[in-house]
Structures are given as structure tokens and as C-alpha cells.
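Inspection log for the structure reproduced underneath, given as C-alpha cells.
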Amino acid sequence: MELLQNKTAEIIQKNGLKDLSHGLLHGNAGLCIFFYQLARQTNNADYEKFADDLLDKVFANLSTSTPADFEYGLAGIGWSIEYLVQNNFAEGNTDEILEDVDNKVYRILNEEYNSSFELGNGLTGYLFYLISRLRSKEKTLPMAQCINRELLILAINKLDEMVISQFAGIVKEMNFDLFWRFPVMLHSLTEAFKLNIYNAKICCIIRQLLPNIEANIPSLHINRLYLAVALKGVCSLIPDKRLEKQAKILLYATDFEALKTEIDHTLLNIRYGWPGIVWLLKVASQEIPVDWPNHQLIIKTYHEIMERHENPLADFLINIPVNCEPNGLALGLSGIGLIELLWPGVLSDI
């Protein structure tokens, strides 16, 4: 039987890419990552050539007139280029390649009012871009890296000013979203912590968030699980008994029978659909200690959902998403294929 990711690649290539954008989450930059990963795993030169052509299109359309955001724009494209270079899929000096992107992000953070910490169009996306720029660099930093260190500090300070006032809204989130701003923001802070640039401030932010985290339980049960996984990730780097206790409370408060009713089984995409939920369940089963509340129910629920989807690509062909790019990472097939590449069997093992 063909691997799920090979079938995915075949459908993407048959669909054609003529109207695709060039961003990370819905366009060519994201497809590059999928096809380079697939080429490496299968040792297939055709996939690598396809990825090279996509990357050429991304470079040809890299312009300061492109929006700056992470979802469609320069921050996401820049993150993808750093990913490809750092993982030896491509070569180049990213300080030179991404100079215009750095300048655009600099202006956004210094000269514009930032009202959102969403991944797609807010501070968390810019923070992920800056983390990628600062990762795996030499100790003697060039000017670009010095500036990006200061921008990272600025982005974290802006997050600190913004997040607490919006945390009460956690109970109003009524749809599953793998890019849900609260756990994704916490993950961005843990990734920034690994850089050891502004750790005292990050610890201070976590302490300040604690009363809000303790006071606000998400309405959706899947979001309770998601937030618990995010808090466990924070605790792995910044141990805190209150955070650990709250993660356990969230797990205890998760009704897995109710969680199963929150899934839209017609959506085959990683952002809003059941593949994103089963990925989250798989990660939770690995990251949550076995002696924490409801660990066995996490595994049981994962298998029950998977049993409903023995042939996910057939589901996709019947339910191709409307008004979205069917090949993109967030809402299309390349996201399905990439998850299967990075976490083998997560969408194909029954």
C-alpha cells in the first residue's frame, strides 16, 4: 500500500498550483517544506525538483509590498526559509536573503500599533519568525542578529502588555483551532526561553499569567486538553507547582465523551478539522505523564476517532474544502502530509 504522504503528494500535483499564494500556511512556502521533507524521506529526486521549483517561485515573489504577517506574508515566508536552511534543505546566508523581511518586521514592531497576539496576523507570529532567525547562529552575532535580539525583546514586552487583558476571553472560544492564540502564545514563550536571551522576563510573564490561567477554564473540552498540554510544555522548561496543578485540573475537567461531540468529522484539515485534533491527542498521550488524570482516556479517544477515518484521502476527495486552498498547510492536503511525515502513523495507524 502506498504511504499516505505519497498519495497526498500525487493529489497535490494533479490539482495544480497555478492560483496558489506564496505564503507559509496557504501557499508555496508551506508546500516547499512538505515536498522537501517527502523527498528526503523517500529519496525521490522528482519531489526535490518540485520543491526547488516552488522555492524559486517564493523567491521570485519576495517583495516588500507583500503583507508582513505570518499566515500569508513575509514573516511566515521568512520562517520557512530559515527552516529550510537550518535543516539543510536549502543553502544561503539568511541574513542577506531576509534583510528586507527583517526590515519590514522591524517597522511593524516599532512603528505600528499591535492589537493582536494571534499566530496568523499578530505578535505571536512575529515572535516565531524572530525565534527562527536567532536559532542556530554563531556566538559572534552579525548586526542583523543583534537587531533581531532587540526585536525579540520588544515583541515579548508587547505580549506582556497585551495578553493578560484578553485572557478572560478564553471561555468564549467555541470552535477548535489548532492555532488557538493562548496555547500557541505559551509555546512561543517556551521556544523563546530556549534561546536564553530574555528568560527572566519570560518567567515573570508566566507568573503574572498564573492567576488568569487558574481563574479561567475553557468552555470546550478539547481546549481544556490543549491548554493542559501547553502548560505541561511550559513546566518542562520553567517548573512551577501551580502551573502543574492547573494542568492536572484541566485534564480532570476534560469530559472525553463531550470532547468527541466537539469534532467536525467532515473537515479534513489540520487547523479546524479532526486531523488537528487527533494530532493533539497523540502529542498529549506522549507529553502528559501516565499518572496524570485521564491519560488512558486520551489514548482511547485517539483510537476511537481514527477508527472513523480509515481512508482520510477518500474523505478529502469527497469533501474538498470550499473557498480555501486545497493544497495548503493549514487547510489543505500538504498539512495532512506533513503531519504524517513528522509524526509517522499519526493519521494512518488504526
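Could you compute the FRET efficiency for Asp95 and Lys245, with r as their C-beta to C-beta distance and R0 at 35 Å, rounded to 0.05?
Numbers: r = 43 Å, r/R0 = 1.24.
That gives a FRET efficiency of 0.20.
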Could you pull the Rg and Dmax for the stretch 112-253, using just the Cα atoms, both in Å?
-> 15.2, 49
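When a/c is below 1.5 the answer is rounded, else prolate if a/b is larger than b/c, else oblate, so apply that to the stretch 184-304 with a ≥ b ≥ c taken from the square roots of the Cα gyration tensor eigenvalues.
Values: a/c = 1.99, a/b = 1.66, b/c = 1.20.
Prolate.
Any of Lys7/Lys57; Lys49/Lys194; Lys194/Lys241; Lys241/Lys282 with alpha carbons more than 32 Å apart? Name them for me. Present the calculation step by step, with values, prior to reporting the outcome.
Numbers: Lys7/Lys57 24 Å; Lys49/Lys194 34 Å; Lys194/Lys241 20 Å; Lys241/Lys282 25 Å.
Over 32 Å apart, Cα to Cα: Lys49/Lys194.
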To the nearest 10 square angstrom, how much accessible area does Ser165 have with a 1.4 angstrom probe?
-> 90
Okay, helix-only estimate at 222 nm for the chain: each DSSP H run of n ≥ 4 adds -39500 (n - 2.57), divide by all residues, round to 500 deg cm²/dmol; what do you get?
-> -19500 deg cm²/dmol
Put Ser334, Ser285 in order of accessible area, largest first, probe 1.4 Å, and you get Ser285, Ser334
Of the listed values [x] 25; [y] 49; [z] 29, grab the one calculated as percent of Cα pairs over 33 Å apart from the structure here.
-> [z]
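Stick to the Cα atoms of the stretch 1-160, pair each with every other, and give me the Kirkwood hydrodynamic radius in Å at one decimal.
Numbers: mean 1/r = 0.0609 Å⁻¹.
Result for the stretch 1-160, one decimal place: 16.4 Å.
Starting from the stretch 73-148, pick out the chymotrypsin sites (Phe, Trp or Tyr not before Pro) whose DSSP state is loop and whose Cβ has at most 11 other Cβ atoms within 10 Å.
On the way: sites: Trp79, Tyr83, Phe89, Tyr106, Tyr113, Phe117, Tyr126, Phe128, Tyr129; in loops: Phe89, Tyr113, Phe117.
Qualifying residues, ordered by number: Tyr113.
Compute and list, largest first, the equivalent-ellipsoid semi-axes of the stretch 211-270 from the alpha carbon gyration tensor, each √(5λ) rounded to a whole angstrom. Don't skip to the end; give the middle numbers.
On the way: eigenvalues 117, 34, 15 Å².
After scaling each eigenvalue by five and taking roots: 24, 13, 9 Å.
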Given the protein chains as shown and a 1.4 Å probe, how many square angstrom of Ile197 are accessible, to the nearest 10?
-> 40
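Using a simple charge model, +1 on the beta-carbon of Lys and Arg, -1 on the beta-carbon of Asp and Glu, nothing else, what dipole does the chain show about its Cα centre, in debye to the nearest 20?
Values: 30 positive and 43 negative charges, 197 e Å.
Value, rounded to 20: 940 debye.
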Solvent-accessible surface (1.4 angstrom probe) belonging to Ser236, in square angstrom, nearest 10 = 80
Scaled radius of gyration (Cα, divided by 2.2 N^0.38 Å) that the stretch 103-162 gives = 1.10
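The values are calculated or read from the model by the stated rules, or taken from the named source; none is laboratory data. Because the structure is predicted, anything quoted here is derived from the model rather than measured. Note: ideal-geometry Cβ built from the backbone for every residue, glycine included; neighbour counts use all protein chains shown. The protein model used for the area step is the full one, side chains on, heavy atoms only, and it has no ligands, DNA or RNA in it. Shrake-Rupley method; radii C 1.70, N 1.55, O 1.52, S 1.80 Å.
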